[in-house]
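The values are calculated or read from the model by the stated rules, or taken from the named source; none is laboratory data. All values derive from a computational prediction rather than experimental measurement. Cβ placement follows ideal geometry from the backbone for every residue including glycine, while neighbour counts extend to all protein chains displayed. Each accessible area value is taken on the protein alone, full model and side chains, heavy atoms only, with ligands, DNA and RNA left out. Shrake-Rupley method; radii C 1.70, N 1.55, O 1.52, S 1.80 Å.
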Amino acid sequence: MRTTIQSQDYTPALDATHALTIERTLNQPSSCRLWLSLPQDGSLPLPSRNQALSVTGEDGTCYFTGYIAATPLPEYVGLGLEGPLYRIGIEAVSDELLLDQLAVAPARAIAATTAGSLVQSLVTKTGATNLSTQALALTSSMGSFTPEPGASWSSIAGKAASQARAAYRAINGALSLAAIPAAVHPLSETDGSLTLADLSFNSGTRRALANDISVCGEHEPVAYVTEYLLGDGVTTQFTLGAAPYSPPQSQSIIIRELFNESAIDARVWSSPGGYGFFSLGAGGLVMQGGSGTDGDTMLSWLDPVEMGGTLLLEATGVSLAAGSTGILAGFFVGLGTLASCTAGFQVTAQQDLGVVSLQPIVKGLPTGTKYTVTAAKQYALRIRIHCPECERTLSVYRSIGDNGVVATGGQSIPSLAKLQFEVQEFVNGVAGMPVTLYEGSIASLPAACTVVAASSLNLSGSMRALSLTNLGSGWVVSTPANGSPRTRRIGSVAQAAECRIERAGVLIFNTGFVPAVGEQIAVSYRTVGRALGHAVNATSQQELAQSGLPPVVTWIGSVTSPATRSSQDCRNAALALEQAAASATALWSGTYRASRHCLDSDVWPGDTLHLTMPSIDLDAQVVVRKVALKYRTSCPDFVEHQIAFANDWASDLAIRTNASVPADAWLPAPVAPTYLANLSGLTVTTMSGSSVTINTGATAPPGGGFEIRRRDFAFMPGEDSDLVMRGSQPTMTFTRVSACDRFYVRMYDGATPPNYSEFSAALFFNLPLGS
């Protein structure tokens, strides 16, 4: 075994009193501890902190590479001829120490990415370039991932790798990521590679086999509410009928870039093909021309953004010189060309004169009003996007059962969206009234987009700041008496908004924007519920019943990682867990001790041991979680491996659970329900006196239709006092009976009993009858 420090061979100085120990843990940094007795002649210098250390076997196996993490400490061992003698203790941490010593740039939820791309992004966020990332190519889908603020790189990367049911490794100056099992090590009592005396299985009562799994998740958006209010010219605050769904406060600000550093932060911004056209100066982001090729010169946010809820993208302090062309403040999908711009501001220059104008882009096409800008003024550009679906990509849950690896989830949720574009002019710091350039909707909003600050054909100017904020799930449209509907700008006063929706369920209009007498206000939002899921392993229950045992064994708890943001996430998590929980091998954990020459290769966490034991009719694989290597000076090398293993249900791996159940969880959740599409596109077409006409925006399934009730979560066949009406046509007319009516609408089919939409489209009225 050869030990080198700073490329100098310290093998002869290894102290035999203590074993050289290398400890490896799944998706955590490895550590190496050793002791040196340095020669008195000074031929080997005393090692120091941050020096490189490597341990290599005589057969070329690289057991450890890393850096001395703490100042080496002396231990007095006696008195020699030349004075006191010391043994030097060395502790090193594997190569990712280089990343852990750097701060990871803050990031919110990273959407619609792969495991390899995510870990690569995390490396980029440290700014480090001294570790190779070519082996980060794992394409397992990650859904949405939120890095923990302030955590070390290895902690965040370990969590990401675990969610992908993968193992990351840092050795020899390179990072790698591989799905579990990264390698399979056969151990058989038949050929003598398995020593039964060195194998032990653990038993525990923390969890038992289970075939009826209930999963509790986070608070989720439920009913699609449109609430109607009436202005009186005085009232500025309106209490809503329910608390609107909003993401956690910590996740409301997605991007906040002031462009006030010495250089563009390459940890969060990507500028392929920038060619020096973007820089930072006194005015913020400085744009100085472009290559002239569409999509070739861009400054884009590194992480994809989930396009759910109500988003506000705002570019402030924008100034443009004559002749500028390109795109500012855009959401892009794909290559970054005009055709792939979902929403943004196109900058064009009038031929010959060079006069610059702004115009909204929607789905790659110029749309709405053109607005002429002048070089002497600054502007704020804002895009508000309202998507009724707050979760656009489902989380992915992975486990393993008797039939192999199980993976559920990861699908994208389609959704329509409403858009509002505006520009606001500033003269000497004084703001003018925002001008709306476009209001409209699109039938299909991408689940995730890349935010682009600027895509330059030939942009010349500056941008003071760029921000992206999640405003929750609300959207406000008002209609003056005898007037036309218009979208109210939602947000803060600093965002030139007219109104805001508080988390407590209050709509507040800012000074100067109070609804007039008779002005009708329509507030769209989602209500709040608790995400729940339930799955049953019928095969396991049948097997237990046939054995004369109680067939149902339940487990109820919460899944904390990957995030369970919706009931669909909880159902997917429950489906993955029931496969693992009902498997006999899923509870196996234990240890195995072997020397290196008894193994086919070096063993790392994330590998599996394939145990073949005909004496007890056992043939199974177990996942390696920890490996401790011990070596004492010997020739040939004798390296002992102490291996700890555990399968998914014995110890959480890709799915992290706890036994807590939220107080507001309403159990039991249904098992494998069939849900029809939600009526998220339902609209009110006319309101006349006490009559309301709606269009559900959907076609009824065969034998089914649409059901309207006065109470939510009470949909069922038959007649009762809650039922308002049923119909099979998308257009339905019904009668209001009070000033504060509530109606809930779901689609149903011809099954017996009928299947319904998962969540209601709800209409809340706070309008006097006849209004």
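So what is the accessible area of the range 389-487 per residue, in Å², with the probe set to 1.4 Å?
About 38 Å² of surface per residue is accessible.
Wrap a convex hull around the Cα atoms of the range 30-160, take a quarter of its surface area, and give that in square nanometres.
Details: hull surface 42.1 nm².
Across all orientations, the range 30-160 yields a mean hull projection of 10.5 nm².
Mind checking the angle between helix 567-581 and the chain's longest principal axis? C-alpha axes, 0 to 90 degrees, to the nearest 10. Once rounded, the angle reads 30 degrees. Between residue 18 and residue 690, full extension at 0.36 nm per residue minus the direct alpha carbon distance yields a gain of 233.2 nm. Protein heavy-atom accessible surface, 1.4 Å probe, per residue over the range 719-771: 44 Å². Each of 680, 721, 704 was scored by the projection of its Cα onto the charge dipole of the range 675-732, and the greatest displacement toward the positive side belongs to 680; charges sit on the C-beta of Lys, Arg, Asp and Glu.
Taking θ as phi - 60° and the Karplus parameters 6.51, -1.76 and 1.60, the scalar couplings of the range 663-675 work out to 5, 9, 6, 9, 9, x, 7, x, 9, 6, x, 9, 10 Hz in sequence order, x denoting glycine and proline.
Counting only protein heavy atoms and a probe of 1.4 Å, the accessible surface of the chain is 53% carbon and sulfur. Using a ≥ b ≥ c from the Cα gyration tensor of the range 321-472 (square roots of the eigenvalues), is it rounded, prolate or oblate, where a/c under 1.5 gives rounded and otherwise the larger of a/b and b/c decides, a/b for prolate? Note, shape of the range 321-472 comes out prolate.
When 108, 596 are compared by accessible area at a 1.4 angstrom probe, the order from most to least is 108, 596. By the scheme Lys and Arg +1, Asp and Glu -1, what is the net charge of all other residues having a beta-carbon under 9 Å from that of residue 722? Around residue 722, the charge tally is +2.
Reducing the range 702-725 and the range 283-322 to their Cα centroids gives an inter-centroid distance of 49 Å.
Given axes a ≥ b ≥ c from the Cα gyration tensor, I'd like to know whether the range 319-380 is rounded (a/c under 1.5), prolate (a/b larger than b/c) or oblate. It comes out prolate by the Cα gyration axes.
Spread over its residues, the convex hull of the C-alpha atoms of the range 454-541 is 273 Å³ per residue.
Counting only Cβ charges, +1 for Lys and Arg and -1 for Asp and Glu, the dipole size of the chain around its Cα centre is about 1800 debye. The modelled label-to-label distance for the pair residue 58/residue 85, using points 7 Å beyond Cα in the direction of Cβ, is 2.5 nm.
Each residue, residue 502 and residue 433, gets one label point 7 Å from its Cα in the Cβ direction; the gap between the two is 2.8 nm. Measuring r between the beta carbons of residue 239 and residue 370 and using R0 = 51 Å, the FRET efficiency lands at 0.80.
What the Cα atoms of the range 397-450 give is an Rg and a Dmax of 22.1, 70 Å.
Shown are 377, 159, 370, whose ranking by accessible area with a 1.4 Å probe and every protein chain present, most to least, is 370, 159, 377. Rounded to the nearest 20, the size of the Cβ-charge dipole of the range 529-620 about its Cα centre is 420 debye, with Lys and Arg at +1 and Asp and Glu at -1. Could you calculate the FRET efficiency of residue 723 with residue 357 from 1/(1 + (r/R0)^6), where r is the beta carbon distance between them and R0 is 56 Å, rounded to 0.05? The pair residue 723/residue 357 has a calculated efficiency of 0.55. Heavy-atom accessible surface of the range 235-297, averaged per residue, reaches 50 Å², computed with a 1.4 Å probe. Charged side chains reduced to their Cβ positions (Lys and Arg at +1, Asp and Glu at -1) give the range 328-395 a dipole of some 140 debye around its Cα centre. Here the ratio of the Cα radius of gyration of the range 238-292 to 2.2 N^0.38 Å is 1.81. The calculated FRET efficiency for residue 546 paired with residue 377, based on their beta-carbon distance and R0 = 56 Å, is about 0.10. Over the chain, the fraction of Cα-Cα pairs per 10 Å bin, rounded to whole percents and listed from the shortest bin up, is 2, 12, 18, 20, 18, 14, 9, 5, 2, 0, 0. With the convex hull of the Cα atoms taken as the outline of the range 351-397, the averaged projected area works out to 6.1 nm².
Using a probe of 1.4 Å, the accessible surface attributed to residue 712 totals some 30 Å² when neighbouring protein chains are kept in position.
Its residue count N sets the reference 2.2 N^0.38 Å, and the alpha-carbon radius of gyration of the range 41-86 equals 1.54 times that reference. The listed peptides 407-420, 725-738, ordered by packing as a protection proxy, come out as 407-420, 725-738 (highest mean of other Cβ atoms within 10 Å first). Among 385, 590, 431, whose Cα projects farthest towards the positive end of the dipole of the chain, with charges put on the beta-carbon of Lys, Arg (+1) and Asp, Glu (-1)? So the residue furthest toward the plus end is 431. Centroid-to-centroid, using Cα positions, the range 229-249 and the range 602-655 are 58 Å apart. For the range 132-217, the alpha-carbon radius of gyration amounts to 1.53 times the rule-of-thumb value 2.2 N^0.38 Å expected for a compact globular protein.
If you average 1/r over all unlike Cα pairs in the range 186-344 and invert the result, what Kirkwood radius do you get in angstrom? The answer is 22.5 Å.
Compute the length gained on full extension between residue 610 and residue 41: take 0.36 nm times their separation in residues and subtract their Cα-Cα distance, giving the result in nm to one decimal.
Length gained, residue 610 through residue 41: 199.8 nm.
Once you reduce the range 463-538 and the range 395-418 to the center of their Cα atoms, the two points are 31 Å from each other.
Near residue 429, once Lys and Arg are set to +1 and Asp and Glu to -1 for all other residues with Cβ below 12 Å from its Cβ, the sum equals +1. More than 28 Å apart: what percent of Cα pairs in the range 401-560 qualify? Counting pairs separated by more than 28 Å, the tail of P(r) holds 50 percent. Considering only 150, 179, 116, and ranking their Cα positions along the charge dipole of the range 107-191 that arises from unit charges at the beta-carbon of Lys, Arg, Asp and Glu, the one farthest toward the positive end is 150. The ellipsoid equivalent to the alpha-carbon distribution of the range 529-669 has semi-axes of 38, 20, 10 angstrom, derived from the gyration tensor eigenvalues as √(5λ) and listed largest first.
Gyration tensor over the Cα atoms of the range 199-252: the corresponding equivalent ellipsoid has semi-axes (square roots of 5 times the eigenvalues, largest first) of 50, 14, 8 Å. Derived from the Cα gyration tensor, the three semi-axes of the equivalent ellipsoid of the range 636-771 are 49, 18, 15 Å, largest first. Here residue 607 sits with roughly 0 square angstrom of accessible surface, probe radius 1.4 Å.
Is the range 535-612 best put as rounded, prolate or oblate by its Cα gyration tensor, with a ≥ b ≥ c the root eigenvalues, rounded for a/c under 1.5, and otherwise prolate when a/b is larger than b/c, oblate when not?
On the way: a/c = 3.53, a/b = 1.52, b/c = 2.32.
Since a/c reaches 1.5 but b/c is at least a/b, the shape of the range 535-612 is classed as oblate.
The accessible area of residue 682, taken with all protein chains in place and a 1.4 Å probe, comes to roughly 20 Å². Axis angle, to the nearest 10 degrees, between helix 153-163 and the longest C-alpha principal axis of the chain: 80 degrees.
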